[in-house]
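The numbers here are math on the coordinates, done by the rules we state, and not lab data. The model shown is predicted, which means the values in this text are computed figures rather than measured ones. Counting neighbours? That spans all protein chains shown, and the Cβs are built from the backbone with ideal geometry, glycine included.
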Amino acid sequence: MTSLVPLHNPAHDLPAGALLLPVALQLAREALAKHADADIRHGSAMYLAASDLQYALRNLIVALDHPTET
């Protein structure tokens, strides 16, 4: 008897839009470098830094949560 193979297996598939670990790590490094000299007294600079860093961190966490795919 043939076993069924699901189209999607959440235990082994990367979430939609997830990056591979080397790409996510590079993105995080670039975000850190980009905002390293941001002025803490400049509201829009802090907003942009926080947004970029949150995006990079979320991608990095997803990539780390799925190490077999990277």
Listed peptides 40-48, 58-66 by packing density, highest first (mean Cβ within 10 Å): 58-66, 40-48
Any chance you could run the full-extension gain for ASP65 through ARG41? It's 0.36 nm times the residue separation minus the Cα-Cα distance, nm to one decimal. 5.2 nm
Added length on full extension, which subtracts the Cα-Cα distance from 0.36 nm per residue, ARG58 to VAL23: 11.3 nm
Per-residue HN-Hα couplings for the stretch 41-48 [Karplus 6.51, -1.76, 1.60; θ = phi - 60°; Hz; x = Gly/Pro]: 8, 9, x, 5, 5, 5, 4, 5
